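Note sheet for the following structure.
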Amino acid sequence: MSEEIGVYVFCCIQTDDAKSFGTVEFEGQSRETFTIHYKDAAMVAIEAPIKIYHPKKQNLMMHQKVISDVMEKESSVVPISFGNVFNSKEDTKVLIENLYPQLSSLFGEVRNKIEIGLKVVGKKEWLEEQIHQNDKVVKQKETVANKSEAAGYFDRIQLGEMARDFFTRLQQDVEESIHLPLSKIAEASKSNETLGEKMLLNGAYLIDKEQEEAFDERVNQLHERWKDYVDFKYTGPWPAYNFINIKLKVEAS
């Protein structure tokens with residue numbers, strides 16, 4: 001029994017012209033990209049089987065590559081979350097029509113803009129050195145070490161809270177010293193939730209393409225100042241995932 005074919009979507013662009021952005025290897029087949037239109041909004045899509053697509057690394061990379069290819073040629077790109085497939089081109093056109101008021105606003109917000117990511121991760125030796133300079137934490141560690149496991153239960157809880165407070169203060173210092181200077185260059189910025197025990201900043205920045213060189217230079221200056229204490233993980237350019245304020249993920253009907 002053959003699979004039912006629908007429309008898998010990648011992103012929305014502002015154009016009146018029918019366009020193709022080449023072919024993409026998808027589910028073991030080479031598929032041609034095309035656009036589906038409503039007024040001046042166009043969804044970049046391919047024909048693909050109607051099913052649930054799991055976010056495996058290969059699939060996610062394919063999805064991101066298509067959007068990146070579109071970004072190289074279009075000034076306004078609104079990304080669509082991974083895995084959205086619709087029954088038909090007609091259904092997809094209805095989706096664009098329903099989203100059109102929001103898309104019209106978003107096209108202006110993301111025109112000639114790119115998203116840059118910066119994760120700042122503390123070096124283990126520096127973090128340990130910092131916490132060992134905190135007299136209260138050191139004293140509390142000695143208290144815990146001198147008690148049995150049962151007797152030191154609440155002391156260990158207090159030690160954990162003190163360590164978290166100390167780490168939060170480090171994150172605040174990094175936000176003031178690194179995130180805020182970069183935010184002044186960006187059109188918009190976000191400090192997202194950090195991941196892991198050593199991450200001090202998980203920043204996202206929406207910048208005008210004309211400011212990319214200035215932004216890179218500022219990142220390099222900050223890295224030079226902080227390189228002995230932290231590692232920078234600088235990524236992009238990306239579509240404006242962190243700065244799209246509407247949910248474009250819609251279930252296929």
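The values are calculated or read from the model by the stated rules, or taken from the named source; none is laboratory data. If you're wondering where the values come from, they're calculated on a predicted model, not measured in any experiment. So basically every Cβ, Gly included, is an ideal-geometry build from the backbone, and we count neighbours across all protein chains shown. What goes into the accessible areas is simple: the full protein's heavy atoms, side chains included, and nothing from ligands, DNA or RNA. Shrake-Rupley method; radii C 1.70, N 1.55, O 1.52, S 1.80 Å.
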statement: Across segment 173-220, the tally of residues that are β-branched (Val, Ile, Thr) and more than 24 Å from Val78 (Cβ to Cβ) stands at 4
- prompt: Hey, any hits in segment 202-223 for a residue that's in a helix (DSSP H, G or I), surrounded by 16 or more Cβ atoms within 10 Å (Cβ to Cβ) and β-branched (Val, Ile, Thr)?
  reply: yes
field: Unmet criterion (only one of (1) open to solvent by less than 40 Å² (accessible area, probe 1.4 Å); (2) over 29 Å from Cys11 (Cα atoms)) for Ala240
entry: (2)
- request: Might you let me know whether segment 76-84 holds any residue that is within 25 Å of Phe243 (Cβ to Cβ), touching a Leu at 6+ places or on another chain (Cβ under 6 Å), small (Gly, Ala, Ser) and outside any helix (DSSP H, G or I)?
  value: no
query: Taking into account only those residues within segment 21-51 that are part of a loop (DSSP other than H, G, I, E, B) and open to solvent by less than 60 Å² (accessible area, probe 1.4 Å), which is farthest from Asn84 (Cα to Cα)?
result: Asp40
- request: Scan Asp16, Asp91, Asp69 and give me the residue that is touching a His at 6+ places or on another chain (Cβ under 9 Å), of a type in the set (Asp, Glu) and open to solvent by 40 Å² or more (accessible area, probe 1.4 Å).
  value: Asp16
message: It is to be established whether one or more residues within segment 125-147 are open to solvent by 30 Å² or more (accessible area, probe 1.4 Å), under 24 Å from Arg225 (Cα atoms), at pLDDT 60 or above and in contact with a Ser or Thr (Cβ under 7 Å, 6 or more places away or on another chain).
response: no
task: Filter segment 183-193 down to residues that are in contact (Cβ under 8 Å) with a residue 24 or more places away in the chain and either touching a strand residue (DSSP E or B) at 6+ places or on another chain (Cβ under 6 Å) or among the acidic types (Asp, Glu) (or both) and give me whichever is surrounded by the fewest Cβ atoms within 10 Å (Cβ to Cβ).
output: Asn192
message: Checking Gly6 against (1) crowded, with 19+ Cβ neighbours inside 10 Å; (2) of a type in the set (Gly, Ala, Ser); (3) at positive phi, only one condition comes out false. Which one?
response: (3)
